[in-house]
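Asker: Mind having a look at this structure? Questions to follow.
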Amino acid sequence: MVQIREFLATIGALFTNLFEHPDWHNIVDVAILTVLIYNVIKLVMHTRSNSLFKGIAVILVTAWISGLLRFNAVTWLLNQIISMGLLVIVILFQPEFRRGLDQIGRSKITRRVFGLPTGRKQESQIDQPVAEIVRAMTDMARKKIGALIIIERHTGLGDVIESGTRVDAEISAPLIENIFEPNTPLHDGAMIIRNQRINAAACILPLSEDPTISRDLGTRHRAAIGITETTDAVSLIVSEETGIISMAREGKLTRHLDARSLSILLTELFTPDRTMYTWLGTLRREEPENEE
């Protein structure tokens, strides 16, 4: 509680100082702090920790009000609950902190500062794997063969790869379709694509615990969403029930992809310096029918 009070007192002093002594140092200081707070709230509010964040806010406000009204018993109880302060917050929001640090680490500025590759590839190196994946996905969708393909980006998926069977093969439509063919040894699980190669198959993924996900979506879709909640990977899904092709990115599901939109998506993924958000918004639709 003392730590939180000191933090709030510091924030109040910053804003007070800004109005009493409005120089450029204070303006920049408050602007940076505002951006940081905004991004933290934005990061939390769109995750399953949204309710936890609101609960903590309610406890803090209640403790402040009870202190003003001199409700000593209530104040003491709330102070005991939040006495660990920042430590409790770090434990509760560990996935969100991890995701935030991961986003900072894979930002363009960070990668340039540390001299990391930006991911640019020649178009001739992109067209072939894109065409093979699109062909495999559309063929499996037509045959209603369930599939889950994870494309690794900047965040490493080594722990996920270790849970499956190593393949290390060039991307080809016949191989992808053969892996996901029902009753074959590697059909159950996720395929991992790393550096435009099929790296592993039959991999185990964490399931999303987001309560807002439709109950009509099965474990394949929940696994696809789950891996994108903690990494920057992109999941491609073919529903075994309906043959619908979907994509999961940053914990959000986009459904009803056709060959053209899938080709655009994969091209953007393999050339990450280009933006894909301009067309993503037009693809977001919700489908109430049952899914595998």
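So that you can scan it fast, the table gives a plain yes or no per residue for (1) modelled with pLDDT of 70 or more; (2) in contact with a Leu (Cβ under 7 Å, 6 or more places away or on another chain); (3) within 30 Å of D232 (Cα to Cα):
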residue	(1), (2), (3)
N17	no, no, no
H21	no, no, no
R48	no, no, yes
S66	yes, yes, no
L69	yes, no, no
N72	yes, no, no
V88	no, no, yes
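Asker: Another one. Taking the stretch 236-267 on its own, how many of its residues are not aliphatic (A, V, I, L, M) and not in a loop (DSSP other than H, G, I, E, B)?
Answerer: At the first step, the residues of the stretch 236-267 found to be not aliphatic (A, V, I, L, M) are 239-243, 246, 249-252, 254-256, 258, 260-261, 263, 267.
Adding the requirement that they be not in a loop (DSSP other than H, G, I, E, B) leaves 246, 249, 252, 254, 260-261, 263, 267.
The qualifying residues number 8.
Table: residues versus (1) at pLDDT 95 or above; (2) under 25 Å from E229 (Cα atoms); (3) in contact with a strand residue (DSSP E or B) (Cβ under 7 Å, 6 or more places away or on another chain).
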site: Q128; (1), (2), (3): no, no, no
site: M137; (1), (2), (3): yes, yes, yes
site: I150; (1), (2), (3): yes, yes, yes
site: L157; (1), (2), (3): no, yes, yes
site: D168; (1), (2), (3): no, no, yes
site: L175; (1), (2), (3): yes, no, yes
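Asker: Taking the stretch 176-192 only, how many residues are surrounded by fewer than 17 Cβ atoms within 10 Å (Cβ to Cβ) and of a type in the set (A, V, I, L, M)?
Answerer: 0
Asker: Take the residues in the stretch 143-156 that are of a type in the set (G, A, S) and part of a loop (DSSP other than H, G, I, E, B), then tell me which one is nearest to the chain's Cα centre (by Cα).
Answerer: The first filter runs over the stretch 143-156 and keeps only residues of a type in the set (G, A, S), leaving 146-147, 156.
Within this subset, residues satisfying the condition of being part of a loop (DSSP other than H, G, I, E, B) are 146, 156.
On the way: G146: 23, G156: 13 Å.
For the stretch 143-156, the residue satisfying everything is G156.
Asker: Determine whether A259 is touching a Lys or Arg at 6+ places or on another chain (Cβ under 7 Å), of a type in the set (A, V, I, L, M) and modelled with pLDDT under 95. Break it down stepwise before answering.
Answerer: On the way: touching a Lys or Arg at 6+ places or on another chain (Cβ under 7 Å): no; of a type in the set (A, V, I, L, M): yes; modelled with pLDDT under 95: yes.
The answer is no for A259.
Asker: Right, another one. Sort out which residues of the stretch 157-206 are over 21 Å from T138 (Cα atoms), in contact (Cβ under 8 Å) with a residue 60 or more places away in the chain and either among the acidic types (D, E) or in a loop (DSSP other than H, G, I, E, B) (or both), and write them in order of number.
Answerer: The one that is over 21 Å from T138 (Cα atoms), in contact (Cβ under 8 Å) with a residue 60 or more places away in the chain and either among the acidic types (D, E) or in a loop (DSSP other than H, G, I, E, B) (or both): L157.
The values are calculated or read from the model by the stated rules, or taken from the named source; none is laboratory data. None of these values were measured; they are calculated from a predicted model. Note that each Cβ is placed from the backbone with ideal geometry, even for glycine, and that neighbours are counted across all protein chains shown.
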